[in-house]
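One structure is given below, encoded as structure tokens.
Each value in this text was obtained by applying a stated rule to the coordinates, not by laboratory testing. Being a predicted model, the structure only gives us computed values, none of them experimental. So basically every Cβ, Gly included, is an ideal-geometry build from the backbone, and we count neighbours across all protein chains shown.
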Amino acid sequence: MKESITVGLALTALLFALTWLHAGESAPADEEVQPAPAATAAPTPAEETAPVGLHDAEMSLRVLIGDTVETMTMAEYLPCVVQGEMLPSFEAAALSAQAVAERTYILYQIRSGGKPRHPQADVCDDPGCCSAYLSQAEAKAKWGDQYEALSQRVKDAVAATDGVVALYDNQPIMAVFHSSSGGATARCADVWAADLPYLVSVESPEGADTVPNYYSVKTLSEADFRATFAAAHPEADFSGDWLGSPVADASGRVGSLTVGGVTVSGAEMRRLYGLRSTAFTVAREGESVTFRVTGYGHGVGMSQYGANELARQGKTWQEILQWYYTGVTLGGYTNP
Ligand SMILES: [Zn+2]
């Protein structure tokens with residue numbers, strides 16, 4: 001029997017400043033459960049990918065659920081986050097791609113020394129920190145008589161990827177993901193100021209016809225807009241023509257914007273005004289300021305709705321992962 005990993009031990013210090021970024025900010029699973037699609041392609045058996053490494057049942061995780069740390073295997077943990085992060089009715093290949101992203105992200109995080117927010121656990125159930133977690137009991141209560149079929153669907157999609165991780169230079173990658181992109185994903189360097197070769201901008205096929213709330217609008221009074229901005233940047237000067245035009249980054253999102261003579265990033269504007277993404281336009285309209293926003297999430301890495309769309313088009317989970325994580329290979333994880 002292979003040696004189990006105990007993830008409380010910080011294995012290698014990759015010491016990325018990015019380490020503690022949460023993986024996603026998406027949770028389309030909060031939306032209404034749709035009926036499972038009929039006759040989607042069966043998950044590809046893991047044997048075909050031939051990972052040489054640890055199986056999910058051999059990896060032990062400390063999971064912070066509420067205030068309690070529970071120890072469980074990766075095989076027990078992954079279905080709960082896949083069904084927490086995606087609708088169980090998503091295509092099987094998309095659910096499998098999510099499983100690989102989650103597994104990879106956790107191992108990356110552990111190898112990087114864990115998250116300072118919860119040193120007592122490897123992961124937590126807060127989607128604002130780690131990943132959304134829907135326990136089997138919660139899923140049962142939520143899905144009622146559909147529980148058996150839907151949870152089995154998720155478990156099968158996870159099992160099809162048993163032990164597989166996305167690797168770059170033979171190391172697990174920072175496999176971040178988000179809910180939906182505005183046509184293309186964002187380059188890591190444009191969001192978090194660190195460049196990773198596998199997190200570049202790629203096309204993403206989802207759109208308003210397949211994503212709930214793909215377009216959103218946020219309107220506030222000029223006074224409120226200015227007050228929010230001035231609280232963060234008191235030096236802003238709102239005399240004259242104070243609202244500039246957004247400057248796009250490589251993916252078409254807002255790279256920067258000048259307000260009252262102060263230039264800030266699109267990411268900061270998103271934070272300040274609670275926008276769903278940095279893919280936005282902004283305009284003064286009468287006494288109001290209106291943002292029009294596309295997609296949801298930070299935009300880096302795998303788009304979950306994009307993954308589902310690619311799966312609908314016939315792509316395998318392996319192809320989906322290699323679509324969103326440029327230049328990665330898929331293989332097993334060996335305890336270094
Ligand atoms: Zn966490």
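The P(r) of segment 186-260 has a tail past 21 Å containing 51 percent of all C-alpha pairs. By the Cα gyration tensor, segment 67-161 has an equivalent ellipsoid whose semi-axes, rounded to whole angstrom, run 23, 15, 10 from largest to smallest.
The P(r) of segment 281-330 has a tail past 12 Å containing 70 percent of all C-alpha pairs.
Given a Förster radius of 41 Å and the C-beta distance between Phe238 and Ala194 as r, what FRET efficiency does 1/(1 + (r/R0)^6) yield to the nearest 0.05?
Details: r = 33 Å, r/R0 = 0.81.
Calculated transfer efficiency: 0.80.
Pop the C-beta distance of Asp156 and Arg271 into the FRET formula with R0 = 41 Å and round what comes out to the nearest 0.05. That gives a FRET efficiency of 0.60. Can you tell me the FRET efficiency between Ser288 and Asp126 if r is taken as the Cβ-Cβ distance and R0 is 30 Å, rounded to the nearest 0.05? The pair Ser288/Asp126 has a calculated efficiency of 0.30.
A simple spin-label model places the labels of Ser216 and Ala149 3.1 nm from each other, with each point 7 Å out along Cα-to-Cβ. The separation of segment 149-189 from segment 209-239, counted between C-alpha centres, amounts to 32 Å. Normalised by residue count, segment 215-294 yields a Cα convex hull volume of 79 Å³ per residue. Using the Karplus relation 6.51 cos²θ - 1.76 cosθ + 1.60 with θ = phi - 60°, the per-residue 3J(HN,Hα) values for segment 182-191 come to x, x, 8, 7, 8, 6, 3, 5, 7, 10 Hz, with x marking Gly and Pro. Set against the 2.2 N^0.38 Å expectation for a compact globular protein, segment 131-202 has a Cα radius of gyration ratio of 1.51. Summing charges over neighbours of Gly260, with a neighbour being any other residue whose Cβ is under 11 Å away from its Cβ, gives -2 when K and R count +1 and D and E count -1.
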